[in-house]
Amino acid sequence: MAFGDDGIRWSVLAQPVWSAEILGDPEVQRVYDPRLTAIDGRCYLCFAMDTCHGLRGGIAVTEDFLKFTILSLSVPDNRNMVLFPEKIAGRFVRMERPFPVYSRGGIDRFDAWISYSPDLRYWGDSSLLLSVEQVPFSNDKVGPGAPPVRTEKGWLTLFHAVQIDRSRGKNGWENRWQKCYCAGVMLLDPENPGRILGMSKKPLLAPETRLETDFGYRTNVIFPGGMILEDSGEVKIYYGASDTVECLATADVNDLLRLCLD
């Protein structure tokens, strides 16, 4: 856990606040990919959990970052969940990325979905939100990024998009890492978030700097995990680079909206 007053400079705690060891469940191998959303004064944590019997997506709540109460866990395989920061038409909303290997022909074709809940525990009424085929800079998978923010035009949200290039050689720790992750931006209907109002046809963020392309655990990876809309209109975008470091990019909210709607 890291704390900061300006969103730029951070003080990082020496020990993790949550881990598989802290959970103490022998079924759980690790927890990772956290996404934080504040709803009605409480902080909710979406996370992925590797277990002995599959990858599960979950939602937990905390009031002090010392104790986390798990509210729901999906069946395998689901991950990359993010919550909307308020109820819409009386229901909680989340975006997610399931792994439908068999139904998509046994190849990587993972899409972004949207689901609804009356209580953050039971989820359903699921539907496809964004498919790989809709994103010009993806041929492998798309899924949620940072939790969305409400704007005057609708819900502004980031997503991750993955493109495979079989000509790529060794990048990062794996013998052949052939994927490139970019961040995209889209705008969702304020009252019907399952409807896309607009989307940039080009990546908002793509690997360019040496930290993003040359070094790290897995190179050529940009993954957005947090977004803050300031009163000034500045948007702070927090993203992981090469699965190794956390970075910050900034933009003007009106510029992002134009990218989606023009």
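The values are calculated or read from the model by the stated rules, or taken from the named source; none is laboratory data. Note that the structure is predicted; figures quoted are calculated from it, not measured. Counting neighbours? That spans all protein chains shown, and the Cβs are built from the backbone with ideal geometry, glycine included. What goes into the accessible areas is simple: the full protein's heavy atoms, side chains included, and nothing from ligands, DNA or RNA. Shrake-Rupley method; radii C 1.70, N 1.55, O 1.52, S 1.80 Å.
Just a few scattered comments:
- The trypsin sites (Lys or Arg not before Pro) of the stretch 183-219 that DSSP puts in a loop, and whose beta carbon has at most 15 other beta carbons within 10 Å, are R195, K201.
- Put simply, the convex hull of the Cα atoms in the chain casts, on average, a shadow of 14.4 nm².
- All-pairs alpha carbon distance profile, the stretch 1-87, 5 Å steps from 0, percent: 3, 13, 22, 25, 19, 12, 5, 1, 0
- Portion, in percent, of the accessible area of the stretch 1-154 that falls on carbon or sulfur, probe 1.4 Å: 52
- With the simple spin-label model, which puts each label point 7 Å out from Cα in the Cβ direction, the D77 to H53 separation comes to 1.7 nm.
- Legend: residues I164, I228, sorted from most to least accessible area (1.4 Å probe; ligands, DNA and RNA excluded), read I228, I164.
- Accessible-area value, I107, 1.4 Å probe, nucleic acids and ligands omitted, Å²: 90
- Using the Karplus relation 6.51 cos²θ - 1.76 cosθ + 1.60 with θ = phi - 60°, the per-residue 3J(HN,Hα) values for the stretch 245-262 come to 10, 9, 10, 10, 10, 10, 8, 8, 4, 5, 5, 5, 5, 5, 4, 6, 9, 6 Hz, with x marking Gly and Pro.
- Using a probe of 1.4 Å on the protein chains alone, the accessible area found for K202 is around 150 Å².
- Using the 1.4 Å probe convention, the accessible area of the chain works out to 50 Å² per residue with neighbouring protein chains retained.
- Put a dot 7 Å past the Cα of A14, heading toward its Cβ, do the same for D125, and the two dots end up 4.8 nm apart.
- Qualifying GluC sites (Glu not before Pro) for the stretch 186-251 [loop in DSSP, other Cβ within 10 Å: at most 16]: E191, E208, E230
- Semi-axis lengths, largest first, of the ellipsoid equivalent to the stretch 99-240 are 27, 21, 13 Å, with √(5λ) applied to each eigenvalue of the Cα gyration tensor.
- Computed in the context of the full set of protein chains, the accessible area of the stretch 175-223 at 1.4 Å probe radius has 49% of its extent on carbon or sulfur.
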